[in-house]
1. Of the conditions (1) of a type in the set (S, T, Y); (2) free of Cβ contacts under 8 Å to residues at least 60 places away in the same chain; (3) crowded, with 19+ Cβ neighbours inside 10 Å, T38 fails just one. Which one is it?
2. Test of understanding: among N54, N129, which residue is in contact (Cβ under 8 Å) with a residue 12 or more places away in the chain, farther than 15 Å from I34 by Cβ and surrounded by 16 or more Cβ atoms within 10 Å (Cβ to Cβ)?
3. So I424 passes all but one of these: (1) within 16 Å of ligand 1 (Cβ to nearest atom); (2) in a helix (DSSP H, G or I). Which condition number does it fail?
4. Among (1) without any contact (Cβ under 8 Å) to a residue 24 or more places away in the chain; (2) surrounded by fewer than 17 Cβ atoms within 10 Å (Cβ to Cβ), there is one condition R334 misses while meeting the rest; what is its number?
5. Would you mind stating whether S104 is surrounded by fewer than 22 Cβ atoms within 10 Å (Cβ to Cβ), part of a loop (DSSP other than H, G, I, E, B), among the small types (G, A, S) and away from ligand 2 (no atom under 16 Å from the Cβ)?
6. Can you tell which of D409, D507, D429 is of a type in the set (D, E, K, R), away from ligand 1 (no atom under 16 Å from the Cβ) and modelled with pLDDT of 85 or more?
7. What about L174, is it surrounded by fewer than 24 Cβ atoms within 10 Å (Cβ to Cβ) and either under 23 Å from L445 (Cβ atoms) or away from ligand 2 (no atom under 16 Å from the Cβ) (or both)?
8. Being surrounded by fewer than 16 Cβ atoms within 10 Å (Cβ to Cβ) and closer than 14 Å to V140 by Cβ is the filter here, so list the residues in the stretch 107-118 that pass it.
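The values are calculated or read from the model by the stated rules, or taken from the named source; none is laboratory data. Source: prediction; values computed, not measured. Glycine gets a Cβ as well: all are built from the backbone with ideal geometry, and neighbour counts include every protein chain shown.
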Amino acid sequence: MPVGKVISTQDSPSPTFFAFAIAKGGKVHKDQFIKVKTEEGTMLAMVDNIIKTNRYYARAETVVDAENLEGLFPVEDWEFLIGQATPIGVLADNLVRRPTLPPSPGEGVEEMEPGLLARFLGFKPNGINLGQVIHHEVPVRLSLTRMFQKHVAILAMSGAGKSYLTAVLLEELLSRQQKDGRVATVVFDVHGEYAAFAEKPPADCQDFSNRAVAVRQIRIPAASLSAGEIALFLPGMTPVQQMELNEVVRSMEGSRYTFKELAEVVQGSKIKPQTKAALSRGLMNLHMTGLFGSEEQLTAKREGEKAETYRLRDLLVPGQALIFDLSGHIDTKRKQIIALWAAKQIFRLRRQAEIPPVIMFVEEAHNFIPEGVSRELAPAKSIFRTIAREGRKFLCSLVVISQRPIKLDTTVLSQCNTHIIMRITNPYDKDHIGKGSEGITVRTLNSLTTLQVGEALITGEAVRCPIFMRVRLRTSWEKKATDMETDAVAYENSMARESKKLEAVNDAFL
Ligand SMILES: Nc1ncnc2c1ncn2[C@@H]1O[C@H](COP(=O)(O)OP(=O)(O)OP(=O)(O)O)[C@@H](O)[C@H]1O
Ligand SMILES: [Mg+2]
């Protein structure tokens, strides 16, 4: 059914822009998709803006001087809605092409049927279902390859719904069938938000516990690290110290050891006293972190069960998630060390095709991969940069998640070919996103400040044109943080119980 008609203005219709008068009662919204016939085929366009006009109110003197004339004229009948639309493609012979001819003035503008829109946007029946296109009953089903092969960035201000969307993505990845292609998933979970995937959920939530392992403790095998890799954990090491360490590590080749034992070997060697002292101090510092040992050991513990230990490789399995719960590590350096070691191993294993294609989620990515911060302060940055540059060849993908895109390394961000952007109000972050995201117009960029929690703009490789969408509801268990009121009441209640107990003890003594 037509919702309007193309109108002729000074510079439109053109192949890149047209305006249309919306029929009385026609339901058209900003960010909605519409279609119109052209000589080339069916043109799909997105409504960028809607303007209300009324010639009665067009001149100031009419509005100010003749207030009482309103009753004499059919003012309401003169109100019209004008839609402004940007053509996205034309469908002809089952192919979507770039429009090169405009629709004709007077041509009827129609709503898009869900099936046609899904086809136009390139959605796949077995794609990743993130939610629904805004104003349309069309599920957003993105092709796994087009979305992840060239990395993804999820960017938004705090509280906009990034982690919720990430959980939806995890659900999708963990629910895939073998025939549709399953990948191994790794999450660097800074706040322990995704660890619930590995727990038995309440009855009304979907159970992913047999497909997820949340690792809380890790022992990196000291002997698996070259002197160069150890130097990454010990920023500030001089070239001389690194050279000497290299000699010591090579002399120990084939044996297992802890960094404490390596420090003892350094102590017993003929290295100059100053270098020796610095080296063994560094190695002992690493030993004291508790993150290194003689054996590789990843420890996971489900509530009410006993702890289990694994090797990294055992947990990189198709259709399963390995969640590094980093919430217990307050020191950022420890988080960096874990991420650095794990990402390096995963990339190595993937290059050697020893593990399935892998997708790595990096929460708070601006802390692991910060812009303009030295290697000393961000040792994990170099491996993530390497994966961003080379990962696509080996099907090792990154999903970087950040509430401060301006602080995120531009090399990594520029390698993310799909951007999912949610509500963002900081003008600097908005500008930064505008510069880094392809196909975003100024008007689209300005819409970002008006997005609601759970709404997102997807742009880049995964979609044919930028689309606004609403993220679907989670099926997995969302362990909600308690709010301030609940926590405050619980605190006072527990204090009251404590003081009652004390009173009882005092009474017993009196
Ligand atoms: N699509 C959604 N549907 C329903 N609730 C949502 C949706 N997205 C987010 N929320 C709710 O909004 C709140 C904030 O979401 P979330 O934790 O995902 O934000 P965030 O962007 O990750 O914030 P931060 O940057 O602080 O980590 C949560 O309570 C979450 O349940
Ligand atoms: Mg979050």
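1. (2)
2. Matching residue, one of N54, N129: N129.
3. Every condition holds for I424 apart from (2).
4. If we test R334 against (1) without any contact (Cβ under 8 Å) to a residue 24 or more places away in the chain; (2) surrounded by fewer than 17 Cβ atoms within 10 Å (Cβ to Cβ), just (1) comes out false.
5. Numbers: surrounded by fewer than 22 Cβ atoms within 10 Å (Cβ to Cβ): yes; part of a loop (DSSP other than H, G, I, E, B): yes; among the small types (G, A, S): yes; away from ligand 2 (no atom under 16 Å from the Cβ): yes.
For S104, the condition - surrounded by fewer than 22 Cβ atoms within 10 Å (Cβ to Cβ), part of a loop (DSSP other than H, G, I, E, B), among the small types (G, A, S) and away from ligand 2 (no atom under 16 Å from the Cβ) - is met.
6. Unique residue meeting the criteria: D409.
7. yes
8. The answer is P114, and nothing else.
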